[in-house]
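Comments concern the structure below.
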Amino acid sequence: SEEQFSAATNSVQAILLDNPQPLSKLLGTIPDIKDEQAMQVVQWMLDNERIRYASGDVLEISRH
C-alpha cells in the first residue's frame, strides 16, 4: 500500500542518514517489510535520486 511504501521510504532515509551501508545489510534492517518489497523501495529511491551508491554496494542519502 502507499502507506507502507511511505513508511519504508522514511525508514530507509533514517537508517542511511545515520549510517551509509551495503544493500544486503540495509534490507535486513527495514522494519515490517519483506526483502522483496524493500528492494522495490530501494530501487524507487535510486531511480528518484533520493539515495545513491557511494562506493561499491554502499548506499547513502543523495545530497542535492
Ordering 45-57, 3-15 by per-residue average of other C-beta atoms within 10 angstrom, highest first, gives 3-15, 45-57
Sequence order, segment 20-31: Karplus ³J(HN,Hα) from phi using 6.51 cos²θ - 1.76 cosθ + 1.60, θ = phi - 60°, Hz rounded, Gly and Pro as x, gives x, 7, x, 3, 4, 6, 4, 4, x, 10, 7, x
Amide H contacts under 5 Å for Ile51, restricted to residues at least 5 apart in sequence or on another chain and with H modeled in the peptide plane, are Leu46, Ser62
Once amide hydrogens are built 1.01 Å from N within the peptide plane, the residues lying 5 or more places from Gln21 or on another chain with amide H under 5 Å from its amide H are Leu59
So Ser55 and Gln43, fully extended at 0.36 nm per residue minus their Cα-Cα distance, gain in nm 2.7 nm
Between the Cα axis of helix 2-18 and the main Cα principal axis of the chain, the angle (0 to 90°, nearest 10) is 30 degrees
Cα-based Rg then Dmax for the chain, in Å, read 10.5, 32
Treating only Lys and Arg (+1) and Asp and Glu (-1) as charged, each at its beta carbon, one finds that the chain has a dipole about its Cα centre, in Debye to the nearest 20, of 220 debye
Of segment 22-56, those with amide N under 16 Å from the point 7 Å along the Cα→Cβ vector of Glu3 are 32-33
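Just so you know, all these numbers are worked out from the coordinates, no wet-lab data involved. Computed from a predicted model, the values in this text were never measured in an experiment. Virtual Cβ from ideal backbone geometry, glycine too; neighbours counted across all protein chains shown.
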